[in-house]
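The values are calculated or read from the model by the stated rules, or taken from the named source; none is laboratory data. None of these values were measured; they are calculated from a predicted model. For neighbour counting, all protein chains shown are included, and Cβ atoms are generated from backbone atoms with ideal geometry for every residue, glycine included. Side chains included, ligands, DNA and RNA excluded: accessible areas come from the protein's heavy atoms. Shrake-Rupley method; radii C 1.70, N 1.55, O 1.52, S 1.80 Å.
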Amino acid sequence: HAIRQFDLVAIQEVRAKDDDILPQLVGAVNADGSQYSFVIGPRLGRTVSTEQYAFVFDTTRIEHDPSSVGTIQDPNDRMHREPLVTRFRARTNQPDRGFTFWLVNAHTDPDEVPTEVAALAEVFQVMQKARPDEDDVILLGDLNADETQLGPLGKIPGIHWAIRGVMTNTRKNHAYDNILFQSQATAEYTGRWGVYDFENIYKISREQALKVSDHMPVWA
């Protein structure tokens, strides 16, 4: 139900051993006649405990470019889990005028936040130049850092972070998750943002909420 509130959702830390977890999730989302699809990246990590990134999106409102799906190159191994990138476009009656953008899905390692956030600053700037016809780059996910801990990423000229001054984990004692973009390029941003507090929305206990996730979705 939560996914149906949004056109496009980025998921981090898919740790299922089976490959049918995303098809099952999207099947449940589509049980009411919705038409969501998904993109999932490779299993990433330096240990046996690997993770995947995924995007889930409403195909009636969003389309993706299959040739754009990829994992950021990290030859110096500065990140445990290199971000997944995909280019999307809003479906409109005038496709050539629809909002297009890169999404960069990231999850930093909690023990190496300064190093990995600095690497994400480089990722962001690389993606700004990845295509001459695309300057909209939206980097999001579990950064394990609040807006004061973004290092070089927070110093990119014109960088804007949507989530500010609120807790984003389910225990409500840390601000880990954010959505970042360059404000001059991504002028489509309306200024609306929030945290989807599923514990309060669905009137469940903290214990039940933590079984869903230790993070709450953030949106813009």
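Shown for region 1-120 is the translational diffusion coefficient from the Stokes-Einstein equation, using the Kirkwood radius over Cα pairs, a temperature of 4 °C and a viscosity of 1.567 mPa s: 84 µm²/s. The HN-Hα couplings worked out from phi for region 57-66 by the Karplus form 6.51 cos²θ - 1.76 cosθ + 1.60 (θ = phi - 60°) are 8, 7, 5, 7, 10, 9, 10, 10, 9, x Hz, whole numbers, x standing for Gly and Pro.
Largest first, how would TYR176, TYR53, TYR202 line up by accessible area (1.4 Å probe)? Mind showing how you got there, number by number?
On the way: TYR176 55, TYR53 5, TYR202 85 Å².
Most to least solvent-accessible, the answer reads TYR202, TYR176, TYR53.
Overall, the chain carries a charge dipole of about 380 debye about its Cα centre when +1 sits on the Cβ of Lys and Arg and -1 on the Cβ of Asp and Glu, all other atoms neutral.
According to the square roots a ≥ b ≥ c of the eigenvalues of the Cα gyration tensor, what is the shape class of region 99-147, taking rounded for a/c under 1.5, prolate for a/b larger than b/c otherwise, and oblate for the remainder? Before the final figure, lay out each step's value.
Numbers: a/c = 3.33, a/b = 2.06, b/c = 1.61.
Prolate is the answer for region 99-147, as a/c is 1.5 or above and a/b outweighs b/c.
For the chain, what is the mean residue ellipticity at 222 nm derived from helices alone (per DSSP H run of n ≥ 4: -39500 (n - 2.57); sum divided by total residues; nearest 500 deg cm²/dmol)?
Numbers: 4 runs with 36 residues, N = 220.
Calculated at 222 nm, the ellipticity per residue is -4500 deg cm²/dmol.
Listed by chain and number, the lysines whose alpha-carbon sits under 25 Å from that of LYS211, ignoring those within fewer than 8 places in the same chain, are LYS17, LYS172, LYS203.
When nucleic acids and ligands are ignored and a 1.4 Å probe is applied, TRP219 ends up with an accessible area of around 60 Å².
Determine the shape class of the chain: with a ≥ b ≥ c the square roots of the Cα gyration tensor eigenvalues, call it rounded for a/c under 1.5, and otherwise prolate if a/b is greater than b/c, oblate otherwise. Here the chain falls in the rounded category. For the chain, the solvent-accessible area with a 1.4 angstrom probe is 52 square angstrom per residue.
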